[in-house]
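For reference, the structure discussed in these notes is given below.
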Amino acid sequence: MDKTGISSFTGNQWQRLLRWHRGQKDNEEGGDGVKDEGKQNSILDLKLKVNWKERVIDPADQFYYVWIQVMIFPIVYNWVIIILRTCFTTIALSYLPVWLTLDYLSDLMYIIDMIVTVHTGYLDQGILIKDLAQLKNRYLHSKHFLRDLASLMPTDFLYFAFGIQTPMVRINRLLRLPRLSEALDRMETRTSYPNTFRISKLMIYIFVLIHWNACLYFALSSYIGFGSDNWVYPNITHVEFASMRRQYFYCFWFSAQIFTTVGDTPLPKREEEYLFMIADLLIAVLVFASIVGNVGNVISSLRDRDNVFFPNHELVKAYLRSHYISKELRQRIDNWYQHLHINKKIMRENEILQQLPLHLRTEIAVSVHLPTLSKVTIFQSCEKSLLEELVLKLTPQVFSPGEYVCRKGDVGHEMYIIKEGKLAVVADDGVTEFAVLSEGNFFGEISILNIKGNKSGNRRTANIRSIGYSDLFSLSKEDLTDVLSEFPAAKHHLEEKGRQILTKMGMLEESGDGEEREAEKVETKIKRLESNLEVLQTKLARLMVELESSHRKMQARVEQLEWEAAALETQLPENGKEGETAQGRGEGVGGDVVWEREEAEGEEEEEDERCTLTIYYLTLCV
């Protein structure tokens, strides 16, 4: 049977199988088995209907990242090999089948890259655009498409005009350099060693630059004449300089000497040689400046990283010298700093992660510290949101050998969780050890909870000393109080656990005595309030009586003044003397009236003050 018959037979077999599946789907009657078969048929139909041409690629996916890394190879190949084959014709003709195969393989990858770019989505208002028609329209009207199209122009037909030994006709393939920059930038964001990657990327750029200069040097030597002077490449008729490897390595070494200015290059003789050297020296200045600048940036970033990770020891040393601190204490401080740097202890986590948003800092803290915090007895069974708030409050601390973490009788302001190291519970003499605490243990958790009836009064009940270098996490009382203010149920739960622990230790007063004392305090407060109320009521009654008395006096004076005024109006003077007498009397009476009026105004002011005081006392009573 021929191949055509085999293919037709296979196609008919798949068609019959597909019809059978569809018939099974149409004739299903119900039941679990039939439903499962219908689901399988729907899944099969869905797979058959998938159109891979309509697939949209997310630029944040792993597939896109891997693809642009693959695109590094054809781009670098064209940037390195095209100029090499153009200048070193012997190398180009010796491996011509290999070069042509790699050329058209790179062209194929360029075409695939254009297809991938068309199907790559983009973000608009934070939403990934998946409409293929919109993606095509955006790509076809962009400069990116024009550059990609120009890089794939069929300039290979120029081989018929210039010959197969002129690969410079493919110079348009170098237009894909922005794709290389995108790939390297994404690698830099993903690598765990960005500074090392930057140095490596700089060295690759310098290598490509020296490679191009070496190829141009060999081409210029061929134009001037091999061996015509000491500056150009030696005569290739000599066996020593005839091999292809020797030609390339010599030119690369000569170009590297020019760019690095570390070797004695021969002096140029011709004008072309002078122009070439001038251009190379100018480029060398830029290369040297870029190397120094990039290396300086890397070193400064490393120094900034160390300053953030570890405290500045020089400032502390200067402070100790200026205040004439004892040599023993300075040695202890130096040992502490040395321990931090040797073991890479990080003491400033909050400053390192402050550039991240809060939810990412929370997730990092949860992944790093939550297992340690969950070991604390009083925090077990607490809701996860509370623990997530607490892990952001943990502060790392490092204690030196023989250093006391806390002493008996001190007021406790924080609790400690042992991350690494060993601590001893010692007696007051500092020698007798009662117990040894190791990784995962904790202490001081009761002192940060204000539990009523605690006999220790939130004071430390033991001396705890570090045996070696110990890494601890501390949680302050203020931070716990701030967090618990938003979780009242958790606060009640933690206090209840603290009471249970104190009861087992015998450090909690009996609840009956505590309730009686609380009842006594309440009764005392009630009696004090009642006595204060009685005093205020007595003062209020006295003020009311004084107010009524002043009101009656004022009313009597007003009536007397009205009567006197009426009497003066009815009596008229009979003669001048009597008029003068009357006038004098009138003046006297008028003076009395003015005086009485002023006195009345003073009384009114006094009454106003008393009214104000009365209102004030009434307010106090309320």
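State the percent of C-alpha pairs, over all pairs in the range 371-449, separated by a distance greater than 20 angstrom. Every Cα pair in the range 371-449 considered, those over 20 Å come to 37 percent. Computed from phi, the 3J(HN,Hα) profile of the range 247-252 under the Karplus parametrisation 6.51, -1.76, 1.60 (θ = phi - 60°) reads 4, 5, 5, 5, 5, 5 Hz, with x in place of Gly and Pro. Accessible surface computed residue by residue for the range 186-289, with neighbouring protein chains in place and a 1.4 Å probe, gives 61 Å² per residue. Based on the inverse mean of 1/r over its pairs of different Cα atoms, what is the Kirkwood hydrodynamic radius of the range 53-190, in Å? Taking the inverse mean of 1/r over all distinct Cα pairs, the range 53-190 comes out at 16.4 Å. For the pair the range 211-267 and the range 172-207, the centres of their Cα atoms are 29 angstrom apart.
Around the amide H of I57, modelled in the peptide plane, lie the amide H atoms of T120, G121, all under 5 Å away and 5 or more residues distant in sequence or on another chain. Pairwise alpha-carbon distances in the range 348-509 exceed 28 Å for 22% of all pairs.
If you take the alpha carbon radius of gyration of the range 184-292 and divide it by 2.2 N^0.38 Å, what ratio comes out, to two decimals?
Numbers: Rg = 16.6 Å, N = 109, 2.2 N^0.38 = 13.1 Å.
After normalising by residue count via 2.2 N^0.38 Å, the value is 1.27.
With a 1.4 Å probe and every protein chain kept in, tell me what percent of the accessible surface of the range 193-309 is carbon plus sulfur. Provide the component values of the computation, followed by the final result.
Details: 4720 of 7070 Å².
Accessible surface attributable to carbon and sulfur in the range 193-309 totals 67 percent.
May I ask you to give the percent of accessible area on the range 53-190 that is carbon plus sulfur, with a probe radius of 1.4 Å? Please list the in-between numbers first.
Values: 5250 of 7570 Å².
Carbon-and-sulfur percentage of accessible area, whole number: 69.
Give the accessible surface of the range 348-509 per residue, rounded to a whole number of Å², with probe radius 1.4 Å and ligands, DNA and RNA excluded. Provide the component values of the computation, followed by the final result.
On the way: 8410 Å² over 162 residues.
On a per-residue basis, 52 Å².
DSSP loop GluC sites (Glu not before Pro) in the range 352-433 with at most 16 other Cβ atoms within 10 Å of their Cβ, which ones?
Details: sites: E363, E383, E388, E389, E403, E414, E420, E433; in loops: E383, E403.
Sparse-neighbourhood loop GluC sites (Glu not before Pro): E383, E403.
Under a 5 Å amide H cut-off, with hydrogens placed 1.01 Å from N, C406 pairs with I464 among residues at least 5 apart or on other chains. Karplus-derived 3J(HN,Hα) values for the range 190-202, using 6.51 cos²θ - 1.76 cosθ + 1.60 with θ = phi - 60°, are 9, 6, 7, 10, x, 5, 4, 5, 5, 5, 5, 5, 5 Hz; glycine and proline are entered as x.
The values are calculated or read from the model by the stated rules, or taken from the named source; none is laboratory data. In this text, all values refer to a predicted model and were calculated from it rather than measured experimentally. Counting neighbours? That spans all protein chains shown, and the Cβs are built from the backbone with ideal geometry, glycine included. Side chains included, ligands, DNA and RNA excluded: accessible areas come from the protein's heavy atoms. Shrake-Rupley method; radii C 1.70, N 1.55, O 1.52, S 1.80 Å.
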